[in-house]
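To start, the structure under review is shown below, and the notes come after it.
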Amino acid sequence: MALSYHSQIIEPWGRTPRLPHQVARPQHQDQLPGLIAEASGSGGLLAAGLHRSYGDSGLNPDGLMISMRGLDRFIAFDPATGVLRAEAGVSLDEILRMATPHGWFLPTTPGTRFVTLGGAIANDVHGKNHHRAGSFGRHVRRIGLLRSDAGGLELSAQDRPELFHATLGGLGLTGLIAWAEIALAPIPSTFVDEETVPFANLQEYFRLTAESDGRFEHVSSWIDCSAGGAALGRGVMYRANWSPSGPLTPHAPRQKLQVPVTAPPGLMNRLTLRAFNAAYGGMQRRRQGTARKHYGGAFYPLDAIGGWNRFYGPAGFYQHQFMAPVETQQDAVAEALRTLSAAGQGSFLAVLKSLGPLRSGGLVSFEGPGASLALDFPNRGEATLELLERLDSIVVAAGGKVYPAKDGRMSAATFRAGYPRWRELEALRDPLFSSRFWRRVTHDQ
Ligand SMILES: Cc1cc2nc3c(=O)[nH]c(=O)nc-3n(C[C@H](O)[C@H](O)[C@H](O)COP(=O)(O)OP(=O)(O)OC[C@H]3O[C@@H](n4cnc5c(N)ncnc54)[C@H](O)[C@@H]3O)c2cc1C
């Protein structure tokens, strides 16, 4: 029987909205052209990876979806150079398990390894080393792209450079990424020497960052959202370099804990937030100093708990991640923290990091230079949406941008202010490909 599309409810990582989709799950490359042909005349097509995007950039309820996860083969790997070619459905988890024993690591990695190669390219993801390595797209050498209007194309910075760069951070809109070739980064061991450094407020954070970015490859900070006044923006910085020697062992294959059911509504309320921030902040401040850690624990602490997004209860949650340029970053971050404190809606996970000046060439990539702040909020309906819009206004006034991979509700005006080159992506979009996000932010063009 020919492979086709079947009904399925798809939810993004924030678990809102959960919407019915028509999804096909190919296992072989030669099934892709038929699925693309079948989609013509539908309400549009979108590829999916591991659904780790928080909002609707990975949703396409009015059209069809091809889950690329079954296309998970390694095509070629050279342990002498670290150049890897793989199908787009391979996960970063699988790449690390294969490559780390040979002394190679991802050139940059998001805070979860449960992301596909195709998804990492489509959102041009970044990690704690953006100030050194830039975003993922900078390390992509070649892409095999399937388009509804042009068939199979091989793209690189030399061959069809416009389409190549548009596909980096192209939100899956330039066609199906069938495979990609990336350059991995050499590592001397799979351990990092990580320093934990508390800071008293935002001024101290920016001083510490300026000093740390030159000396450390991996830098990110947790902010205590319950602190205000002179302690606004207090938190803990984690800064690390690869240990110069040590074993080359991949991470453990299994997740240690699983969240079996969705938490009851209201678990993540103001009281638990204050208690969490006090307990976590206190624990981390006591831990200050240097420790040798495996990359699994240092880069992917949340991956130890499978399905942690269920903690936020049945209504799900929103993440708001923004970037403010260097000139406005300090004021914008302070204003954002004051705004959420005034609204009585702090964030459990507030992560502040700096984005450096290196660019991938993506048209709507989430890039710097500047400061990036990521905040999580339980979905409390209108009250949460209003708060997120207030945060958007701060970002737009600061000349910054909100990250589409984390978004499910920003206005067209907010998106266009942050990504003035969006029309260039629209011009290179495969006419068959679309997403709920893209329709929302470009509907009145
Ligand atoms: C715990 C956690 C931590 C995170 N930390 C970070 C971080 O530090 N930095 C960061 O940048 N991001 C981070 N993210 C976001 C995540 O890295 C991105 O959303 C990533 O793109 C998800 O990849 P995915 O495989 O799940 O793709 P999906 O979420 O399924 O899809 C994402 C996009 O990729 C497109 N796509 C997927 N596969 C293909 C393909 N083969 N061809 C064409 N388009 C395709 C989809 O159409 C969609 O537009 C984090 C997410 C989580 C849950």
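The values are calculated or read from the model by the stated rules, or taken from the named source; none is laboratory data. Source: prediction; values computed, not measured. No Cβ is skipped: glycine too gets one built from the backbone with ideal geometry, and neighbour counts run over all protein chains shown. Note: areas computed on protein heavy atoms with side chains; ligands, DNA, RNA excluded. Shrake-Rupley method; radii C 1.70, N 1.55, O 1.52, S 1.80 Å.
Region 1-71 and region 332-376 have Cα centres lying 30 Å from one another.
For region 365-437, applying the loop criterion from DSSP together with a ceiling of 16 other beta carbons within 10 Å to the trypsin sites (Lys or Arg not before Pro) yields ARG421.
Sorted by accessible area (1.4 Å probe), largest first, how do ARG160, ARG207 line up? Provide the component values of the computation, followed by the final result.
Working: ARG160 130, ARG207 160 Å².
Greatest to least solvent exposure: ARG207, ARG160.
Measuring only protein heavy atoms, the 1.4 Å probe finds PHE199 accessible over about 10 Å². Counting only protein heavy atoms and a 1.4 Å probe, region 1-116 has 38 square angstrom of accessible area per residue. Of the GluC sites (Glu not before Pro) found in region 314-403, those in coil by DSSP whose Cβ has at most 14 other Cβ atoms within 10 Å are GLU327.
Using the alpha-carbon atoms, what tilt in degrees (0 to 90, nearest 10) does helix 329-342 show relative to the longest principal axis of the chain? Roughly 80 degrees between the two axes. Annotation: amide H-H contacts under 5 Å for SER148 (H modelled 1.01 Å from N, sequence separation of 5 or more, or interchain): LEU432.
As a test of the formula, what do you get for the chain when each DSSP H run with n ≥ 4 contributes -39,500 (n - 2.57) and the sum is divided by the residue count, at 222 nm and rounded to the nearest 500 deg cm²/dmol? Walk me through the numbers on the way to the answer.
Details: 13 runs with 120 residues, N = 445.
Estimated from H runs of four or more residues: -7500 deg cm²/dmol.
Here region 101-213 is assigned +1 on the Cβ of each Lys and Arg and -1 on the Cβ of each Asp and Glu. Its dipole about the Cα centre then comes out at about 260 debye. Anisotropy class assigned to region 170-216 is oblate, per the alpha carbon gyration tensor with a/c at or over the 1.5 cut-off and a/b no larger than b/c. In terms of its C-alpha gyration tensor, region 328-445 has an oblate overall shape, because the principal axis ratio a/c (a ≥ b ≥ c, square roots of the eigenvalues) is not below 1.5 and a/b does not outweigh b/c.
The residue list GLY361, MET237, THR16 was ranked by how far each Cα lies along the charge dipole of the chain toward its positive end, using unit charges on Cβ atoms, and MET237 comes out on top.
For the chain, the longest principal axis of the alpha carbon atoms and the long axis of helix 382-397 meet at an angle near 90°. Computed from point charges on the beta carbon alone (+1 for Lys and Arg, -1 for Asp and Glu), the dipole magnitude for region 193-255 about its Cα centre is near 140 Debye. Taking Cα atoms only, the orientation of helix 202-215 departs from the longest principal axis of the chain by about 60 degrees. Taken about its Cα centre, the chain carries a charge dipole of about 1040 debye when Lys and Arg each add +1 at the Cβ and Asp and Glu each add -1 at the Cβ. Over the chain, the Kirkwood radius and the radius of gyration, each from Cα atoms, give a ratio Rg/Rh of 0.95.
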